[in-house]
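Trainee: Please read through the structure below; I'll follow up with questions.
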Amino acid sequence: MESKDSYKFAELNDQSEALELIQRTEKQLTEQYGLPITLIAYEEKDQQQQK
C-alpha cells in the first residue's frame, strides 16, 4: 500500500463533468444514508508528471 504522501488532491477545476458526477454521487449517498457525505478526489503524484 502506498503512503498518503504518494497522493495529492486532484485538480478538477476545469473538469465540469467529473465535478458534476461527484456532486450527484454525494447527493445520492447523503439521501441513501441520511448523513452528509463528502467525496474527496485524490490522484497519484506521479500521474501528473506522466501527462
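Trainee: Arrange the peptides 18-28, 35-45 so that the one whose residues have, on average, the most other Cβ atoms within 10 Å appears first.
Mentor: Ranking, from highest mean packing down: 18-28, 35-45.
Trainee: Taking the Cβ of Thr25 as the centre, find all other residues whose Cβ is under 15 Å away and add up their charges (Lys, Arg: +1; Asp, Glu: -1).
Mentor: -2
Trainee: Based on C-alpha coordinates, I'd like the Rg and Dmax of region 1-42, in Å.
Mentor: 12.6, 33
Rule-based calculations on the coordinates, nothing more; no lab input. Remember, it's a predicted structure, so these values are computed and weren't measured experimentally. Neighbour counts are summed over all protein chains in view; Cβ atoms, including those assigned to glycine, are modelled from backbone coordinates with ideal geometry.
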